[in-house]
């Protein structure tokens, strides 16, 4: 579970800075960086690490859980008030560790800031540079930075007035939207044509058409009288819209010339 502040909590705006991204476009906003400080119950330490609370805090023998009594975090037992924590006392490690830097980033979050009658909403925020300071009584002083890269000029002007003031903030990470499984299924890729299908689909020239029609030695075309004889046998017609290849025509002319020459010689 990432760091979050679900209910409005008091925080002090220690500084308001301008984010200056070098690669931003001329019409893009430079963004805002806030430095916040707040006091939380040590229950929030579980959002960073489940063992951090028991490492920094302990329950003294013979004592009962205490409640937060005043703003200075002095604690005492209050009738009818729920204790702040079950581990109010600092452990040995918590006593010696004054400030713990925690290098963690929470991105894609939304922060609301309220001051008096003004309420602002910062979207697409990033929380980082956490500094944890354990305190006696079960409270933690937490400092961190908020980057809002898409804050407008009007939002920056209002936030600048909040510097060194206490505001009410909430901080929650966006939950990713669930999509239908059918929308994630990509369409099937187009079938690739095989070499045989490409050859069958390719147009054929007159020579190939003529050769395919006479593979078995039988006629594949009709002459002008309607008989199923193949061109260029003597005495047979050809299809009105079909012309034989040049090589076939040459062979027929040569054979006719030889026949005429033989007749002249015999005469």
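Every read-out reported here was derived from the displayed coordinates using simple, explicitly stated rules and does not represent laboratory data. Remember, predicted model here, so these are calculated numbers, not experimental data. All Cβ positions, even for glycine, are placed from backbone atoms using ideal geometry, and neighbour counts span all protein chains on display.
Here are some notes:
- Between residue 110 and residue 150, full extension at 0.36 nm per residue minus the direct alpha carbon distance yields a gain of 13.2 nm.
- R0 of 25 Å, Cβ-Cβ distance residue 86-residue 49: FRET efficiency to nearest 0.05: 0.90
- FRET efficiency estimate (nearest 0.05) - Cβ-Cβ, residue 96 to residue 174, R0 41 angstrom: 0.60
- If the segment from residue 18 to residue 117 were pulled out straight at 0.36 nm per residue, it would be longer than the present Cα-Cα gap by 33.2 nm.
- Descending by average beta-carbon neighbour count within 10 Å, the peptides 142-155, 5-18 line up as 142-155, 5-18, the highest first.
- Inverse mean reciprocal Cα-Cα distance (Kirkwood Rh) of segment 5-173, Å: 17.4
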